[in-house]
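Q: Dropping the structure in here first, questions after.
Values quoted throughout were computed directly from the atomic coordinates according to the rules given, and no laboratory measurement underlies them. All values derive from a computational prediction rather than experimental measurement. Every residue, glycine as well, gets a Cβ built from its backbone with ideal geometry; the counts of neighbours run over all protein chains shown.
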Amino acid sequence: MSGSVLIWRSSMLPASETFVRAQGLALTAWQPTFGGAVKVESPVAADSDLIVFPETSVGRRALLALKLTGRSALLRATLRRLSPDLVHAHFAGDGWMISADAAESRIPLIVTVHGYDVTRLPRESGPRGVRYRHHLRTVFARASLILAVSSYIRDKTIELGADPAKVRVHHTGVALDPAPPAALAEKRWDLLFVGRFVEKKGVDDLLTAAAQVPGKPRMLLIGGGPLEEPMRQRAAELGLDATFLGPQDPSVVRRSMAESRIFVSPSKTAADGDSEGLPTTILEAASHGLPTVSTMHSGIPEAVRHDETGLLGPEGDPGALAADLRRLLADPALCDAMGERARAYVAEHFDLARQTAELEKIYDSVARPR
């Protein structure tokens, strides 16, 4: 079977969400349309994206009405004009925004939950938290299927009231190059971090740990966010050899991975409960033949096999993180061997082409009959 699918992200598309675009473009039997409520200026946004609400006073009022009521005549008209066989929404809140109009248009809905949408946001207090939890229950009921990016996120989704029969784990996967480019590039960086500068990413722990590693490892940090400037200042205070590039195009990220020895992802649960799902950057780094030093957090143990494809320690523990970094930096042969096994593991379990073929089977099982 084949068909058309509207891939929905209300903000189309933040720089940190390359996985949404990559998954849609990897479809072969199904024809994707990328759509959102508003456009986000970022390296992964595209002029071809369908934006429902224009940047006008009328468009802004219509969008506000959608956020308040969960319904929009403009969105409903767009769905009927496109007439997709399926809507695939990323993140639970975005799924709720389109769920009523999709149901009224008799279009099946799949929602992928990723992390903060079922960890941090449901914990909010006051009317906002009550409203969000109500929206969760509503979209869980309306969705034909809920995809979780890791087993941990699946469990969290069920705890929040989703029907277990509707929730399944589906790993997004990453594209694999024919040959590992990491083996061909000159190594400019000892440690690489790629991600948003927010509490759950653990950049503070990384900087503290790096200060405990002899020889000042050369670090490259890519990404932006509210903690970027404080982390720059912290690195300077610690006298680290750290280069901050800010948000970058995916091509720069790929080149930086090829030029690095170790990928570091010291994720942890933030004070407000925000947790990872399964960071795609770990899979991308492994596809380049890099071992990962990370933590036993959320779905990360599904992507990193401790002592085989990388090293995992307790979250929020800079001392343990420093010990793992010292171990790999002191043993290049071990580092290379883990990187080779990491690439093989990702090729077997997280290949984007294979995972997207599985996703298309899921689409076939849910789509409305022609």
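Q: Multiplying the sequence separation of E358 and H134 by 0.36 nm and subtracting their Cα-Cα distance, what value in nm do you get?
A: Working it through step by step, the gained length comes to 77.5 nm.
Q: Is the shape of segment 120-190 rounded, prolate or oblate, going by the alpha carbon gyration tensor and its root eigenvalues a ≥ b ≥ c, with a/c under 1.5 for rounded and a/b larger than b/c for prolate?
A: Cα axes put segment 120-190 in the prolate bin.
Q: Please sort 97-109, 205-217 by packing, taking for each peptide the average over its residues of neighbouring beta carbons within 10 angstrom, highest first.
A: So the order, starting with the most tightly packed, is 97-109, 205-217.
Q: Rg and Dmax of segment 171-251, Cα atoms, in Å?
A: When restricted to Cα atoms, segment 171-251 yields Rg and Dmax of 14.1, 42 Å.
Q: Moving to a separate point now. Binned at 10 Å from 0, what are the whole-percent values of the Cα-Cα distance distribution for segment 54-194, short to long?
A: With a bin width of 10 Å, the distribution comes to 11, 33, 28, 16, 11, 2.
Q: Then there's this: What percentage of all Cα-Cα pairs in segment 181-349 are separated by more than 30 Å?
A: Taking all Cα-Cα pairs of segment 181-349, the fraction more than 30 Å apart is 6 percent.
Q: Please give me the summed charge of the neighbours of P164: other residues whose Cβ is under 13 Å from its Cβ, Lys and Arg +1, Asp and Glu -1.
A: +1
Q: Let me ask something else about it. Ignoring everything except DSSP H segments at least 4 long, calculate the 222 nm mean residue ellipticity for the chain; use -39,500 (n - 2.57) per segment, divide by total residues, nearest 500.
A: One gets -12500 deg cm²/dmol as the mean residue ellipticity at 222 nm.
Q: Using only Cα atoms, find the angle between the long axis of helix 332-349 and the longest principal axis of the chain, and express it within 0 to 90 degrees, rounded to the nearest 10.
A: 20 degrees
Q: Additional query: Could you give the spread of the C-alpha atoms of the chain along their three principal axes, from largest to smallest, in whole angstroms?
A: 62, 45, 38 Å, listed from the longest principal axis down.
Q: For a test of the definition: using alpha carbon positions, the gyration tensor, and the 1.5 limit on a/c, classify segment 1-99 as rounded, prolate or oblate.
A: Oblate, since a/c reaches 1.5 and b/c is not below a/b.
Q: Working from Cα positions, state the angle (0 to 90°, nearest 10) between the long axis of helix 318-329 and the longest principal axis of the chain.
A: Here the helix axis deviates by roughly 70 degrees.
Q: Still on this structure, I have one more. Using only Cα atoms, tell me the angle between helix 92-104 and the longest principal axis of the chain; keep it within 0 to 90° and round to the nearest 10.
A: 20 degrees
Q: Using mean Cβ contacts within 10 Å as the protection proxy, how do 58-70, 283-295 order, highest first?
A: Going from most to least packed, we get 283-295, 58-70.
Q: Rounded, prolate or oblate: pick one for segment 219-291, where a ≥ b ≥ c are the square roots of the eigenvalues of its C-alpha gyration tensor, a/c under 1.5 means rounded, and failing that, prolate if a/b is larger than b/c, else oblate.
A: Note, shape of segment 219-291 comes out oblate.
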